[in-house]
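Structure first, then comments.
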Amino acid sequence: MANHSEMKVSHKDKSHSKIAALLSVLFMGLGQIYNKQYWKGISWAIFELIVLIFAVRPIISGVHGLITLGEQPQVRQRGRIIEQGDHSILLMAEGLMMVILLLIILAIYYLSVRDAYFVGKLRELGQPVSDFKTSIRNAWDTGYAYILIAPTATAMLLLTVFPLVFTALIAFTNFSSPNYLPPRALVDWVGIEQFLRLFTMESWRGTFLGVFSWTIIWAVLSTVLVVFAGLFVAVVLSQKIVKYRKFWRNVYIIPWAVPGFVSILIFRNMYNGQFGVINEMLRTVGLNPIPWLSDPMWAKVAVLLTNLWLGFPFWMALFTAVLTTISKELYEAAEVDGATIVQQFRKITFPIVMVAATPLMVFTFAFNFNQLTFIYLMTEGGPTNANYNYAGHTDILLSWIFKMTLDNGQYAIASAVALVVFLIIAGFAYFNLRNTKALKGDV
């Protein structure tokens, strides 16, 4: 009988973790109370009571609004609003916030169950259970790093993740002018209809492929030109035969020191076909003026040249700093072996500077891929292309999205394009950064 009783006690002792976890699943804090951590259990229980009293109804209402996007349209009689109705986009935003809040609550709920389970495990092993003060101290010590990054993580969630998910959700609706603009009309979920329009309808597909191809060309050329122009100037100015090198470096840094907004507007006036300085100079030497901003090809040349002027000083400064870190003994040994200047550059200088430059080139490509400000100030996407929907010859994907939203109210398909752009850039950046030696610690 005694052995049987000891076996029953032993079996019971081994079930503390499961019982505590199950009790915490039923109601937060019950598992902690079962584990004789009364103050901790009361704290968890108070949290769940607050959630049940203040958060359940808003969460249910928000999720319902997110699913339906409104049920009561605006009612008008003789141009007057009789009943305001539901605003689908506001309901979507509120619903998304409630979903995020629900996920946070579920994560805290999981931590409560997990805590009860592991404390139960300690009881099964015969180890002492911490009191409330000790638990708080341990949580502070082990979670100190998480507490420090919590404000930044919260800001990232609200300012980056939330807008990104919200934009993605709009891509699956029919939110567009003139028929589906709230509060006058309700917005509906339409699934992948916008993506089908983008890739199957001739007008939209032609516009997307045309703008996308120019965006790739623009991003690649604008990146490569500024990088190699900066490298060329930095290498030339590093040669001993060049005098007054500090003076020349200061001169070349001026385009970067001047605000880009001002420089772009100055170049736009210089490229003007009627009174621009560049065409006046061409007329002076007997050459025909060039339609810089009215001809598709010359407009693209103009934006690339202007970006080159604005961008190469940064890379010149970067490469100048990198060149100073290269040991002179490498070049002296190369000279002894009979290497020419070109061979020294190809075998020594270029591989070393590219290790530092490659990660920045990836980011520069991504930046230029989304360079809305420069394109809009320089050409506003022009000249006009009659075969495109809401886009011109120099429009990149982001400026096209800008026009579709602010100028034409095509929010749904613009969000679909934005989602495609995000996936392209994220995939490109992820692939390149994973394969960049400078970011893997390999040199």
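The values are calculated or read from the model by the stated rules, or taken from the named source; none is laboratory data. Keep in mind the model is a prediction, meaning the values are calculated, not measured. All Cβ positions, glycine included, derive from the backbone under ideal geometry; neighbour counts span all protein chains shown. Note: accessible area is taken over every heavy atom of the protein model, side chains too, but ligands, DNA and RNA are not part of it. Shrake-Rupley method; radii C 1.70, N 1.55, O 1.52, S 1.80 Å.
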Candidate set from the range 366-398 (those that are more than 20 Å from W204 (Cβ to Cβ) and among the β-branched types (V, I, T)); member that is surrounded by the fewest Cβ atoms within 10 Å (Cβ to Cβ): T373
Apart from one, (1) under 30 Å from S15 (Cα atoms); (2) open to solvent by less than 40 Å² (accessible area, probe 1.4 Å) all hold for K133; the odd one out is (2)
Could you please find all residues in the range 399-411 being assigned to a helix (DSSP H, G or I) and either open to solvent by 50 Å² or more (accessible area, probe 1.4 Å) or acidic (D, E) (or both)? F402, L406, D407, Y411
Starting from residues that are under 15 Å from G382 (Cβ atoms) and in a loop (DSSP other than H, G, I, E, B), keep the ones in the range 284-304 and report whichever is most open to solvent (accessible area, probe 1.4 Å). S294
Tell me, please, whether a residue that is farther than 18 Å from F402 by Cα, touching a residue at least 60 places away in the same chain (Cβ under 8 Å) and touching a Pro at 6+ places or on another chain (Cβ under 9 Å) can be found in the range 189-198. no
Tell me which residues, restricted to the range 330-345, are open to solvent by 100 Å² or more (accessible area, probe 1.4 Å) and outside any helix (DSSP H, G or I). D337
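When the residues of the range 254-283 are filtered to those that are outside any helix (DSSP H, G or I) and among the aromatic types (F, W, Y), which remaining residue is surrounded by the fewest Cβ atoms within 10 Å (Cβ to Cβ)? Before you say what the answer is, go through the steps one by one.
In the first step, residues of the range 254-283 are kept if they are outside any helix (DSSP H, G or I); the result is 258-259, 271-276.
Narrowing the set further to residues that are among the aromatic types (F, W, Y) leaves 271, 275.
Values: Y271: 25, F275: 9.
Checking each candidate, the answer is F275.
Quick check on this structure: which one of A414, A357 is part of a helix (DSSP H, G or I) and at pLDDT below 90? Before you say what the answer is, go through the steps one by one.
Working: A414 fails: at pLDDT below 90.
Being part of a helix (DSSP H, G or I) and at pLDDT below 90 holds for just one of A414, A357, which is A357.
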Regarding F363, is this residue under 33 Å from the mean Cα position of the chain (by Cα), open to solvent by 30 Å² or more (accessible area, probe 1.4 Å) and aromatic (F, W, Y)? yes
Could you tell me which residue of the range 27-81 is modelled with the lowest pLDDT, considering only residues that are in contact with a Phe, Trp or Tyr (Cβ under 9 Å, 6 or more places away or on another chain) and among the charged types (D, E, K, R)? K40
Filter the range 140-158 for residues that are at pLDDT 90 or above and either in contact with a helix residue (DSSP H, G or I) (Cβ under 8 Å, 6 or more places away or on another chain) or surrounded by fewer than 10 Cβ atoms within 10 Å (Cβ to Cβ) (or both) and give the result. P151, T152
Log entry, pairs with first residue in the range 124-135 being under 17 Å from A21 (Cβ atoms), second being open to solvent by 50 Å² or more (accessible area, probe 1.4 Å) and in a loop (DSSP other than H, G, I, E, B), beta carbons closer than 8 Å, six or more apart or on different chains, reads E124/K14; V129/K36
Would you confirm whether or not the range 173-180 contains a residue that is modelled with pLDDT under 95, touching a Ser or Thr at 6+ places or on another chain (Cβ under 9 Å) and either more than 30 Å from F314 (Cα to Cα) or assigned to a helix (DSSP H, G or I) (or both)? yes
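Report yes if some residue within the range 92-107 is under 19 Å from L30 (Cα atoms) and either touching an Asp or Glu at 6+ places or on another chain (Cβ under 6 Å) or touching a residue at least 40 places away in the same chain (Cβ under 8 Å) (or both); otherwise report no. Reasoning before the result, please.
Within the range 92-107, the first condition is being under 19 Å from L30 (Cα atoms), and the residues that meet it are 105-107.
Those left that are additionally either touching an Asp or Glu at 6+ places or on another chain (Cβ under 6 Å) or touching a residue at least 40 places away in the same chain (Cβ under 8 Å) (or both): 105.
The answer is yes, given that some residue of the range 92-107 is under 19 Å from L30 (Cα atoms) and either touching an Asp or Glu at 6+ places or on another chain (Cβ under 6 Å) or touching a residue at least 40 places away in the same chain (Cβ under 8 Å) (or both).
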